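J.: I am attaching a structure below and will ask some questions about it afterwards.
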Amino acid sequence: MIKIHNLAKNFGLNPVLRGVNLHVAQGEFVTLVGPNGAGKSTLLRIVATLVKQTSGDVAIGGWPLPQRADKVRRHIGMVSHQALLYGDLTAAENLSFFARLYRLDNQEARVHAALKTVGLWARQRDPVSTFSRGMVQRLTIARATLHEPDVLLLDEPYTGLDQDAAQLLDDLLERERGNGRTIFMITHDLVHGLDLCDRVLILNRGKIVADIHSQHTTPTEFLDLYAAHTGRKKHE
């Protein structure tokens, strides 16, 4: 579903990604970890069609980027540091707006189902500006999955969530995984990221330095590998 070959990205004279190679199969859940400044968000933004690579090949669902970004955007959903929601609109109005943008069929039914899935049915008529961080993140997930994308991209989706909201997000990701969604997620929570995914990639200094199957390693082994590949202590 995601194919990347010899990808490089420079900002001016500063190389951020240096020859990244990556294949993510349809329905696979891949977690990307690495220290700050490793290039994680830049890589995700390239896959999300928000940034163009300097060189190398990127294809999503067989469509090359950036040439067919218009096709790719209908097949991806993204949860980033920005919720991309309108605070003065209600939860239902926000989702209805995006349903119209995607020209979805049965828009009202889809919006209602999405609100129920993320536990916001009772707050559907409340302005998003009155929501807690956890509620905003839940609505962001609903927005990102409303059009049933083939690929779900998540950049630190657990930031600022309390325990209940984090558990709900776990459940939502498990549901999306069960629906055959391809999931590509960045997280700083190494053990949690390992627990959720099929594979975990370690990115350091713009290169993927390890590709690990989660079922073949324990959390302790993974933390040791992370420390060895990044030079960072386990608690960092």
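J.: Among GLN167, GLN163, GLN137, which is the only one that is modelled with pLDDT under 90 and under 23 Å from SER96 (Cβ atoms)?
T.: None of the other options fit; the residue is GLN137.
J.: Looking for whichever is over 22 Å from the mean Cα position of the chain (by Cα) and crowded, with 16+ Cβ neighbours inside 10 Å here; the options are ALA92, ALA109, ALA99, ALA114. Which one fits?
T.: Exactly one of ALA92, ALA109, ALA99, ALA114 is over 22 Å from the mean Cα position of the chain (by Cα) and crowded, with 16+ Cβ neighbours inside 10 Å, namely ALA92.
J.: Could you say which residue among ALA165, ALA210 is among the small types (Gly, Ala, Ser), in contact with a His (Cβ under 6 Å, 6 or more places away or on another chain) and surrounded by fewer than 21 Cβ atoms within 10 Å (Cβ to Cβ)?
T.: After ruling out the rest, the residue left standing is ALA210.
J.: Does THR220 satisfy the condition of being polar (S, T, N, Q) and either assigned to a strand (DSSP E or B) or touching a residue at least 60 places away in the same chain (Cβ under 8 Å) (or both)?
T.: Spelling it out, it is not the case that THR220 is polar (S, T, N, Q) and either assigned to a strand (DSSP E or B) or touching a residue at least 60 places away in the same chain (Cβ under 8 Å) (or both).
J.: Name the residues in the stretch 148-164 that are touching a Lys or Arg at 6+ places or on another chain (Cβ under 7 Å) and not in a loop (DSSP other than H, G, I, E, B), would you?
T.: LEU152
J.: Determine whether the stretch 120-138 contains at least one residue that is among the charged types (D, E, K, R) and not in a helix (DSSP H, G or I).
T.: For the stretch 120-138, residues among the charged types (D, E, K, R) and not in a helix (DSSP H, G or I): present.
J.: How many residues does the stretch 67-84 contain that are within 17 Å of ARG133 (Cα to Cα) and part of a loop (DSSP other than H, G, I, E, B)?
T.: Here the count works out to 5.
J.: Return the total of residues in the stretch 101-131 being polar (S, T, N, Q) and touching a helix residue (DSSP H, G or I) at 6+ places or on another chain (Cβ under 8 Å).
T.: The qualifying residues number 3.
J.: Quick one: in the stretch 175-192, of everything that is touching a residue at least 12 places away in the same chain (Cβ under 8 Å) and assigned to a helix (DSSP H, G or I), which residue is surrounded by the fewest Cβ atoms within 10 Å (Cβ to Cβ)?
T.: So, considering only residues that are touching a residue at least 12 places away in the same chain (Cβ under 8 Å) and assigned to a helix (DSSP H, G or I), the one surrounded by the fewest Cβ atoms within 10 Å (Cβ to Cβ) is ARG175.
The values are calculated or read from the model by the stated rules, or taken from the named source; none is laboratory data. Every value quoted in this text rests on a predicted model; they were computed, and no experiment measured them. Note that we place each Cβ from the backbone using ideal geometry, even for glycine, and neighbour counts take in every protein chain shown.
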